[in-house]
Every structure is written in C-alpha cells, then in structure tokens.
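Rule-based calculations on the coordinates, nothing more; no lab input. In this text the structure is predicted, and so the values were computed from the model without any measurement. A quick note on method: Cβ atoms are made from the backbone with ideal geometry, for glycine too, and the neighbour counts reach across all protein chains shown.
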Amino acid sequence: MNKIVIATNNEKKLKEISTILEDLNIQAIPQSHFKIGESEEPFDTFIENALIKARYASIKTGLPAIADDSGLCVDTLKGKPGIYSARFSGSPRSDENNNLKLLDLLKDKYNRKAHYYCAIVFIKSSDDPQPVIAEGIWQGEILKTPRGRNGFGYDPLFLDYKTDLSAAELSAKLKNKISHRGQALQKIKQKLKMIYGQ
C-alpha cells in the first residue's frame, strides 16, 4: 500500500480528506503521527501556502504529501478572512471567536455573499517539479445567526445555496460531495488513480 502524509494537524480536516481517499490503495498518515509541527504559511495565496505545507511534510517524512489551504472569502470584506480564516480573530485560534468577529463585521451589511475556496496540492517528493494542484469553490452567503452542529470553522454561518442549509447542517457525506474541499479532493483523487494505477 502506498503511504502518503497528510500535511495537517486539524483532526476534522484530516477526517474529510481520509474519508474521500479511503477507497484508494493509499495509506493516508497524518503528519501528527510523525510528531511534525505545522509549517509556516508566509504567502498571500492559498496555492502557495498549500505547496509549502506539502513540501515541509514531505521533507520531514520522506513521503509523498497532500496539503490543502482553504478559507472563507466574503465579497463585501474584499475576500477576507481569506488565507487568514483560521486565525481571523487572533491567537489562540478559535472557531467561535472567528465566527463572532465575522458576524460583527457584517452586522450592517446587506451583501452577505461569500464562498469557500480550497487549493489542494499533491507532491511525489519534497522537490517534485510538477505538483498536482486542484481547486474547489463553494458558493453561498453568511447567515445572521449560526445553524447546525456539524462541520467546523465557519460552517454554522455558511449557507449553501443549493440545499438552503448551513454547512453545519449537512451530513458529512453530502458535505464531502459538494464542499470546496470535496470538489478539490475528487480532482486530486482522479490524478492519484492515474499515478498509482488504480
């Protein structure tokens, strides 16, 4: 079985990635298994940050790596919180505080359109000159009050247009099918099938 390190310490994100890849001949190993801390994310784009995370995990483990960088982009906030989504309200990181800050910034705003964006990178080695890159976008808007108990991050505030449910009201199966990360992972999955001959 082919081993791939998943460059995240976020347990819920790891579960989403592992679930979508579980039917491949791949053993997805979290970087926490190797006691690897998180890499820096010094860039201004999701793709560059995903790539540096993948390279960092691959350097530390010697394994192929998958990394994602994703976030919520709100139209009226000019794309914020964007790459700062996880640390929007400062340190320590807190989903609840991030959501409260977002609601406060939008309290007088009529336009509440937003989208989740995800960039996922797969590399065969730390110096792979041809990283596989996939993107996913999930359109919706920001609710005025949280709804639902599933998911994580901004999910209780993100209304999916197609289902009229918040991301936190969706089942894990449906979320993995329609979300930004689910879209990007399905594209990566097709590439992995070609690479590993499945």
Estimated vicinal HN-Hα couplings, Hz - segment 17-25 in sequence order (Karplus 6.51, -1.76, 1.60; Gly, Pro = x): 5, 4, 4, 5, 8, 5, 8, 8, 7
Most mobile listed residue (44, 108, 95) in the chain, GNM with C-alpha springs under 10 Å: 108
Span from the segment 142-186 Cα centroid across to the segment 47-80 one, whole angstrom: 20
Most to least packed among 23-31, 45-53 [average Cβ atoms within 10 Å]: 45-53, 23-31
Check: the chain dipole with +1 on Lys, Arg Cβ and -1 on Asp, Glu Cβ, in debye: 300
Among 171-177, 99-105, 64-70, the order from most to least packed when residues are scored by Cβ within 10 Å on average: 64-70, 99-105, 171-177
Radius of gyration and maximum dimension Dmax of the chain, Cα, Å: 16.6, 53
Residue-by-residue Karplus 3J(HN,Hα) for segment 156-172, coefficients 6.51, -1.76, 1.60, Hz, glycine and proline x: x, 9, 9, 8, 7, 4, 5, 9, 6, 10, 6, 4, 7, 9, 7, 5, 4
Lysines with Cα under 25 Å of residue 101, excluding same-chain neighbours fewer than 8 positions away: 12, 13, 78, 80, 109, 113, 144, 175
Residues with amide H under 5 Å from that of residue 114, placed H, sequence gap 5 or more: 75, 140, 141, 142
Max mean-square fluctuation residue, GNM over the chain, Cα-Cα springs under 10 Å, options 84, 117, 154: 84
